[in-house]
Amino acid sequence: MAGYAQETSGLLQIPHAEIEKRIFQHKLFGLDSLQEQLFRFCKAVITADGSRVQDFIFYDLVPSILLYGSPNTGKTTLCHLLFDRLKKEVTNDVNFYTIDIGNMLDPALGQSSRNLEQAFEDLRKVCSNGSSAFLVLDELDSFCMSRSRTQEHDAIRRAMTTLILELDRLHPSSTRKLVLFGITNVHNLIDTAVVRRFSLKHGSPGIVVGEVY
Ligand SMILES: Nc1ncnc2c1ncn2[C@@H]1O[C@H](COP(=O)(O)OP(=O)(O)OP(=O)(O)O)[C@@H](O)[C@H]1O
Ligand SMILES: [Mg+2]
């Protein structure tokens with residue numbers, strides 16, 4: 001991750017050229033229909049005009065997708081491929097962001113939460129200028145483990161609460177052009193309050209695909 005401009009909040013923009021390098025000559029086997037479905041979903045969000053926003057109200061969806069599955073089943077690659085296709089086929093004015101969770105989490109009480117808030121604030125600013133943001137939160141489990149796991153540090157729990165609030169603010173009528181992907185290997189350990197806030201939930205092949213809860 002080093003080498004890119006990084007906000008103190010942990011927000012990191014990865015240039016398209018870097019994503020292209022990562023997926024050079026990569027294809028995912030068996031994920032065509034999921035890829036197509038998610039592409040259409042992302043496209044609807046980032047090209048949202050008044051009528052498309054109506055669509056989202058109709059479906060009661062927000063632009064958030066949870067990808068879960070065993071390691072090496074193509075979750076990260078799928079996000080890279082989707083972004084590349086959006087950039088090439090829909091608009092050049094979309095950028096790839098991720099949050100460096102190690103940097104975002106801060107032992108000082110409340111700081112992780114503020115960092116996450118700041119990251120979303122920065123993204124909203126980007127979107128208010130008319131650009132689109134494709135945000136990937138990888139290793140979601142690092143701060144979204146179930147609340148019943150009492151050993152969780154308070155700072156981490158606060159960050160999770162902030163994420164929940166931010167997920168609630170994602171409605172396309174308010175933040176039209178931000179698509180958020182959450183990724184995890186251990187979806188069954190993630191707090192249900194977080195899981196249920198993702199509109200779409202998809203498991204990678206090789207594991208049971210279906211609704212999480
Ligand atoms: N369905 C697939 N078809 C072709 N290659 C695949 C497939 N699934 C995974 N791979 C390959 O496996 C490698 C790892 O994929 P990727 O990093 O996207 O997995 P991941 O699910 O994000 O793993 P992790 O959970 O460990 O982060 C990549 O080189 C990717 O191309
Ligand atoms: Mg990955």
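Amide H to amide H, which residues 5 or more places from Ser131 or on other chains are under 5 Å from it, using H placed in the peptide plane?
none
What order do you get for Glu166, Glu89 when you list them from fewest to most C-beta neighbours inside 10 Å? Write out the running numbers ahead of the final one.
Numbers: Glu166 21, Glu89 9.
Sorted ascending by nearby Cβ count, the order is Glu89, Glu166.
Please give the contour-minus-distance gain from Gln25 to Gln118: 0.36 nm per residue of separation, less the Cα-Cα distance, rounded to one decimal in nm. List each step's numbers first, then the result.
Working: separation 93, 0.36 × 93 = 33.48 nm, distance 3.56 nm.
That works out to 29.9 nm of additional length.
Of all the C-alpha pairs in region 30-203, what % are more than 28 Å from each other?
On the way: 2919 of 15051 pairs.
Result: 19 percent of Cα pairs exceed 28 Å.
Arrange the following residues from fewest to most other Cβ atoms within 10 Å of their Cβ: Leu170, Leu82. Walk me through the numbers before you get to the answer.
On the way: Leu170 20, Leu82 24.
Listed from fewest to most nearby Cβ atoms, that is Leu170, Leu82.
Over 18 Å between C-alpha atoms is what I'm after, so list which of Lys27/Lys88; Lys21/Lys88; Lys21/Lys177 land there.
Lys21/Lys177
Taken together, the values in this text are just the output of simple stated rules run on the coordinates, not laboratory data. Quick caveat, the model's predicted, so the values are computed rather than measured. Virtual Cβ from ideal backbone geometry, glycine too; neighbours counted across all protein chains shown.
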